[in-house]
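The values are calculated or read from the model by the stated rules, or taken from the named source; none is laboratory data. Keep in mind the model is a prediction, meaning the values are calculated, not measured. Cβ placement follows ideal geometry from the backbone for every residue including glycine, while neighbour counts extend to all protein chains displayed. To get the accessible areas, we keep the full protein, side chains included, count just its heavy atoms, and leave off ligands, DNA and RNA. Shrake-Rupley method; radii C 1.70, N 1.55, O 1.52, S 1.80 Å.
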Amino acid sequence: MDALGPRQTSEGRNESPEERADRRWIELLQEVRVIQTGVQILFGFLLTVVFTPRFVTLGTADKGIYVATVLLGAATTGALLGTVTFHRLVTGHRLKPETVVWASRLALVGTVLLLATVTSALLLILRVATSHSAAVPWTVAGLIVWFLLCWFGLPAFVLRRYSSKD
């Protein structure tokens, strides 16, 4: 903030660093709310699978995939919820810009972990549903590529294509 009012940021917004941090925090919180709902549903479903009669008929490899999927789901949940607890624990210490940066990093880690969780869940479900078809790894690999393109490739393309070259 200077004598004439709030500073102009590189985004062309007329906001102070604190206002920018507040805006970015609200945006991040909305994003985490959207992704967390899906993660909670997936994780809740995964937790119930072990109690179904079909679970005991799974082979050792499928049980291993299941355990890995549950652990990945737990790690995903931890990272995404960590964004909120991080904010809660540092609130009031005048660290909002730093909080937004670190919470954003946790959300990105949560997204990568979600990719691994969904991949593992798809692998298990398709193996069981298709009696271990040879096409399952290729199908899952194709879906991983799709997720990578949607979640990371397209944003990277847009950043490279449309970011100003100051």
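General remarks:
For (1) out of contact with any Asp or Glu (no Cβ under 8 Å at 6 or more places or on another chain); (2) over 27 Å from Leu143 (Cα atoms); (3) in a helix (DSSP H, G or I); (4) at pLDDT 95 or above, each residue gets a yes or a no:
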residue	(1), (2), (3), (4)
Gln36	yes, no, yes, no
Leu81	yes, no, yes, no
Arg88	yes, yes, yes, no
Val109	yes, no, yes, yes
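- Only residues that are more than 19 Å from Glu18 (Cα to Cα) and surrounded by 15 or more Cβ atoms within 10 Å (Cβ to Cβ) were counted across the stretch 75-93, and they come to 7.
- So Arg127, is it in a helix (DSSP H, G or I), open to solvent by less than 60 Å² (accessible area, probe 1.4 Å) and among the charged types (D, E, K, R): yes
- Among the residues of the stretch 130-141, those identified as surrounded by 11 or more Cβ atoms within 10 Å (Cβ to Cβ) and in a helix (DSSP H, G or I) are Val136, Pro137, Thr139, Val140, Ala141.
- Residues located in the stretch 94-120, provided they are small (Gly, Ala, Ser), open to solvent by less than 20 Å² (accessible area, probe 1.4 Å) and more than 14 Å from Ala75 (Cα to Cα): Ala103
- Whenever a residue of the stretch 79-105 is touching a residue at least 24 places away in the same chain (Cβ under 8 Å), its partners that are among the basic types (Lys, Arg), lying with C-beta atoms within less than 6 angstrom and at least six residues away or across chains, give the pairs Val100/Arg24.
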